[in-house]
Amino acid sequence: MSEARKTGDRVLPRQQSNWDARAAANFICGGAGGGLLLATALASVHGEDLRPLVVVALALVGAGLLAVWFEIGRPWRALNVYLNAATSWMSREAMIAPFLFASGAAAVLFNWPLASWIAGLLGLLYLYCQARMLHANKGIPAWRHASCVGMMVATGVVEGAGLLCAGALYWPGLVAFGVLLAVLLAVRLLAWRKYLASLRSAGVPVGTSKALNALDVRFVWLGHAAPAVLGVVASLGGLPLLAVLAGVLAAATGAWFKYTLVCRAAFTQGFALPQTPSRGGNNAGPGVQPGWNRIQPE
């Protein structure tokens, strides 16, 4: 390899390779599971026995943790994650998980409403920890903006509401939550627009720009407009099948977004020079940041 090629590889942003599809599965399953625990707690006030949904939520969180455990090079050292609670959001996520499973198990085995609400609140906290895990990676421009936290939390809550609506096929009373799903989808769409606006303002690597541009239009229409309309129509007309379709679309597109964010849009910072140095008494030149641009709508 030529010296110029080696230098180019060092300075240009590169797609991160530390977190792969298994890490993305933790965010996809864990976020959806936490959101479903919260949605199930809210829906329990209608008197439905939704304990099977709690089991599904716990299974999703467990699947996410299992996926990231398989990603670790030395999985039996996973317990070391508990040593950094003061500084690591990953440690905080791991510390919440046992209490989440315990409260969820109590809700399932003993049908305690209080346990269901505790599990729901812990699910939301678990989701927040996952969002902060991404935000803490300052070397990845697509993750480090504060708006990424809001987008991740909104996505998990929407996924939970979507999975709740998908249960309308078995619990017809859940059709009424199609309106709530539509409201949450509007919130997620606002979070998505705010997230993209923050990236446009700061600039991103070209690879990040391409990945998010490729996602944008389909994410808006398939992930927001279509399920919102279906959810409202299902709720007003009492149509369980439409509620199921709305919920599946909302949850599936949330997973699609998370996979894109973790595995396709996550490019490193790369080389950046605030000002070009000059010799003698001349003024410094403009800054240089190879491989970057601003996101422009396609």
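Just a few scattered comments:
- Q15 long-range amide H proximity, modeled H, under 5 Å: T268
- If you take the Cα centroid of the stretch 121-154 and the Cα centroid of the stretch 178-210, the two points sit 13 Å apart.
- Per residue, the average separation of C-alpha pairs within less than 8 Å and at least 6 apart gives the chain a relative contact order of 25 percent.
- Rounded to 10°, Cα long-axis angle of helix 113-135 versus longest principal axis of the chain: 10
- Gyration tensor verdict on the stretch 18-270 (Cα atoms; rounded if a/c is under 1.5, prolate if a/b is larger than b/c, oblate otherwise): oblate
- Residue among V157, V55, V45 with the largest mean-square fluctuation in a Gaussian network model of the chain, springs linking Cα atoms under 10 Å: V45
- Rounded if a/c under 1.5, otherwise prolate or oblate - the stretch 193-266, Cα gyration tensor axes: prolate
- Degrees between helix 89-110 axis and first principal axis of the chain (Cα, 0 to 90, nearest 10): 10
- Cα shape, the stretch 50-143, gyration tensor, a/c 1.5 rule: prolate
- Check: the chain dipole with +1 on Lys, Arg Cβ and -1 on Asp, Glu Cβ, in debye: 1060
- Positive-pole candidate from W292, L134, A43, dipole of the chain, charges at beta carbon: W292
None of the figures in this text is laboratory data; all of them are computed from the coordinates on show. Just so it is clear, the model here is predicted, and its values are computed rather than measured. With ideal geometry, Cβ positions are generated from the backbone for all residues, glycine too; neighbour counts draw on all protein chains shown.
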